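What follows is one structure encoded as structure tokens, with my remarks underneath.
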């Protein structure tokens, strides 16, 4: 099932963890490229010094104030395309960075390269889109939280926020109880009673 506007029209701290386990699809030259999202990061408003909205609207960042589900792509280090999705109410700048996908795509630039996503996706909607969308395939991801990475320019309190959501690839195994075999002594006692 494709995710619609309502999924993205919520606070980024709800959307970011729920995107983990979903599948991003990009249809390119008639071929569907599909990757499961394994890691996201939340960026929330002008008070978050790690968020591009912190310094106000610029030609590049004004997209963050647009409606939920808008794709925000920017170039990092002049070579990597990083894909974000705007969330929440229009006028309240927040977005989710798609940081990693299954396989060897453990970075936001690697996954966009594999999917064939570039600046042509910028400002398009992730819903009602025949070229790029996100599906819920029923995967119930277990996640852990951590600090966001690559934001050394932000205030310490923003660096310390646990707004990175990572899929637990190998589920933790529950501790099983070992069955203790009764000793000979215990067996003989139970026979007497």
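Key figures for this structure:
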{"item": "Flag if residue 9 is at pLDDT 95 or above, surrounded by fewer than 20 Cβ atoms within 10 Å (Cβ to Cβ) and closer than 21 Å to residue 123 by Cβ", "result": "yes"}
{"item": "Selection count where residues are in a loop (DSSP other than H, G, I, E, B), at pLDDT 95 or above and crowded, with 17+ Cβ neighbours inside 10 Å, scope the stretch 132-153", "result": "2"}
{"item": "All positions within the stretch 47-74 that are touching a helix residue (DSSP H, G or I) at 6+ places or on another chain (Cβ under 7 Å) and either under 21 Å from residue 106 (Cβ atoms) or crowded, with 17+ Cβ neighbours inside 10 Å (or both)", "result": "48, 50, 52, 53, 61, 64, 68, 69, 70, 71, 72, 73"}
{"item": "Residues that are more than 16 Å from residue 58 (Cβ to Cβ) and either buried (at least 22 other Cβ atoms within 10 Å of the Cβ) or in contact (Cβ under 8 Å) with a residue 60 or more places away in the chain (or both), drawn from the stretch 78-96", "result": "83, 85, 87, 88, 89, 94, 96"}
{"item": "So residue 126, is it at negative phi, touching a helix residue (DSSP H, G or I) at 6+ places or on another chain (Cβ under 9 Å) and touching a residue at least 24 places away in the same chain (Cβ under 8 Å)", "result": "yes"}
{"item": "Complete set of residues in the stretch 107-123 that are surrounded by fewer than 22 Cβ atoms within 10 Å (Cβ to Cβ) and touching a residue at least 40 places away in the same chain (Cβ under 8 Å)", "result": "114, 116, 118, 119, 121, 122, 123"}
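The values are calculated or read from the model by the stated rules, or taken from the named source; none is laboratory data. No experiment lies behind these values; they were computed from the predicted model shown. We place every Cβ from the backbone using ideal geometry, glycine too, and count neighbours over all the protein chains shown.
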